Amino acid sequence: MQPLIDDAAGMNSTDVVERRVLSLMHEDPKTLGYPFTITNLNCGYQILLPGEQARPHRHSMNALRFVIDGHGANTVVDGKVCEMHENDLILTPGWTWHEHAHPGAERIVWLDVLDASLHRYLGTDAFEPGPVHDVPVLPPDAAFAFANLLPETAPGANSPVFCYPWTTAEAALAVAPRSRDGARRLRYVNPTTGGATMTLLDSTLIEIDAGLETAPFRTSAHTVAAVIDGHGRTQSGEASVSWGPKDVFTLPSGQWMTHRADERARLFLTSDREILRRLGLLEETYRS
C-alpha cells in the first residue's frame, strides 16, 4: 500500500477535498450497490501532511482512527483535543463534531473504520458540514478505559473517552491475564458502562508470543485487523494470510480462524460484534 499512499498524498490538498482517504474496497460483484471493505464496515487510510487541516463535520456513522504511521497531528472531537501518536485509538461516535489538524513536521497516516455501509443499507446515513455548533458539555475523561475480559454488559451510551493512548494500552496489555490458548487479549471499553466503546463498533488488542498459535475461533462478526508489530500468519477457513508490521487485513465471518506468530506480535482488531450482539445475532465459538 505504501506506493499508493505516496501517490494519494500528492494528489489533492485538504483545501479542495473534505478528507484525503485511500479507501479499501471489496471487489465482490454481489455488493449492494455501494463499496465496502467487509460486511457492515468501510476502511481506508487517511493521510494528513504537515500544516494541513481537515475542516470540521459530523455524521450519523460511527468512526474510529487507529494511527498507523507518524505523529504530531491532533483530532478535535466535540471540543476535546486528542493528540495522535502511533498506535493510538481515537473515537468519533456518530454525530460528534470532529476535525483534524497537523502542526507537526512529518506525514501521518491512520486507519479509518466506519459503519458507513450498514447506515447506507438502513437508509440512516446523514452528514452535516461545519461550522461547529451545539457542542455538548462532556464529562472529564475517566482513568480506566480498558478491560482484561470481554464482559457482556447492557447497551450503553458511547464512551466519553475519545482518545485511548497506546502508552496506556500497551501497559495494560502487558499485564493482562493469558487466555487458555496463551495469548493476551484486551478490550477497549466505555469506562462508564464497561461495554463497547461505541454503540456499533467493538475493538480489542491481542498479543501472541513467538511460536504460539491461538485456539481456533469462529464468529458471526466481521473484523478488520491492523498489525502493530511482529510477523505471523492468520488462517481463515481455507485462506492463509501472512502479515507484518502496519499490514491491514480482514477476517470474514463464519470461518474457523487462528493466528500464529513467528515472533512476539500484537494486533489491533475492530469489528461489528456489538451490532450483532444487540440484534441477538452474535455467535462465537472457541475450539480447544
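The values are calculated or read from the model by the stated rules, or taken from the named source; none is laboratory data. Because the structure is predicted, anything quoted here is derived from the model rather than measured. Because the Cβ atoms are built from the backbone with ideal geometry, glycine has one as well, and the counts that use them run over all protein chains shown.
What to note about this one:
- Hey, Thr124 closer than 16 Å to Asn74 by Cβ and among the hydroxyl-bearing types (Ser, Thr, Tyr) or not: no
- Residue in the range 88-111 that is of a type in the set (Gly, Ala, Ser), free of Cβ contacts under 8 Å to residues at least 60 places away in the same chain and assigned to a loop (DSSP other than H, G, I, E, B) present: yes
- Residue satisfying condition, being in contact with a His (Cβ under 8 Å, 6 or more places away or on another chain), over 29 Å from Asp125 (Cβ atoms) and basic (Lys, Arg), within set Arg260, Arg233, Arg287, Arg264: Arg233
Yes/no matrix, rows are residues, columns are (1) hydrophobic (A, V, I, L, M, F, W, C); (2) under 30 Å from Ala116 (Cβ atoms); (3) not in a strand (DSSP E or B):
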| residue | (1), (2), (3) |
| --- | --- |
| Leu173 | yes, yes, yes |
| Arg185 | no, yes, no |
| Met198 | yes, yes, yes |
| Ala210 | yes, no, yes |
| Ala215 | yes, no, yes |
| Ala226 | yes, yes, no |
| Gln235 | no, yes, no |
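- Filter result for Trp97 (in the same structural domain as Ala9 (by TED's automatic domain parsing) and under 20 Å from Leu205 (Cα atoms)): no
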